[in-house]
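The values are calculated or read from the model by the stated rules, or taken from the named source; none is laboratory data. Just so we're clear, the structure is a prediction, and the values are computed from it rather than from any experiment. Virtual Cβ from ideal backbone geometry, glycine too; neighbours counted across all protein chains shown. The area values use the complete protein model at the heavy-atom level, side chains included, leaving out ligands, DNA and RNA. Shrake-Rupley method; radii C 1.70, N 1.55, O 1.52, S 1.80 Å.
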Amino acid sequence: GLEARVVLLGAVPNDDPLLRIVYGGADLFVMPNAHVPGDFEGFGIVAVEAASAGLRVVASRVDGIADAVLEGRTGHLVTPGAAEEFAARIQTCLTETSPDRDAVRSAANDHFGWERIGALYMKAMEDARSSRLRRS
């Protein structure tokens, strides 16, 4: 009975204009990843991309995905494999009014945007340089 509300598109390449259309028309981004032994999810970049498009994210608290979701700001983390917990969180997100798309987009861009990431890299390189100079 979900066919009227859920569309499974399969893989959509990043450069496909359909991706922005899908993000714009969606109500929520759900990422129910499961832990797979020997396959580590380094970082949930797709959760950041969805949030930067203004979509709240409901994702499994698995590996690096936990670093990609700002709890309560860009979405919520759920216990992997806990279907009831996922369903409840999805229902809550679809019925609550906050945060709105602009707040989600802003939080994602403020935290994961290139300006901040670039500044963090520059600081890390300067710290490494300073540390090296002190040891010389």
Among (1) in a loop (DSSP other than H, G, I, E, B); (2) surrounded by fewer than 16 Cβ atoms within 10 Å (Cβ to Cβ), there is one condition ARG20 misses while meeting the rest; what is its number? (1)
Of the conditions (1) within 24 Å of THR95 (Cβ to Cβ); (2) in a helix (DSSP H, G or I), ASP27 clears all except one; give me its number. (2)
For the range 38-136, which fully contained helices (runs of 4 or more DSSP H) count at least 1 residues that are of a type in the set (A, V, I, L, M, F, W, C) and open to solvent by 70 Å² or more (accessible area, probe 1.4 Å)? 45-52, 83-95, 114-135
I need the full set of residues from the range 77-119 which are at pLDDT 90 or above and β-branched (Val, Ile, Thr), in order please. VAL78, THR79, ILE90, THR92, VAL104
Selection from the range 14-54 of residues under 20 Å from ARG73 (Cβ atoms) and of a type in the set (Val, Ile, Thr) yields VAL30, ILE45, VAL46, VAL48
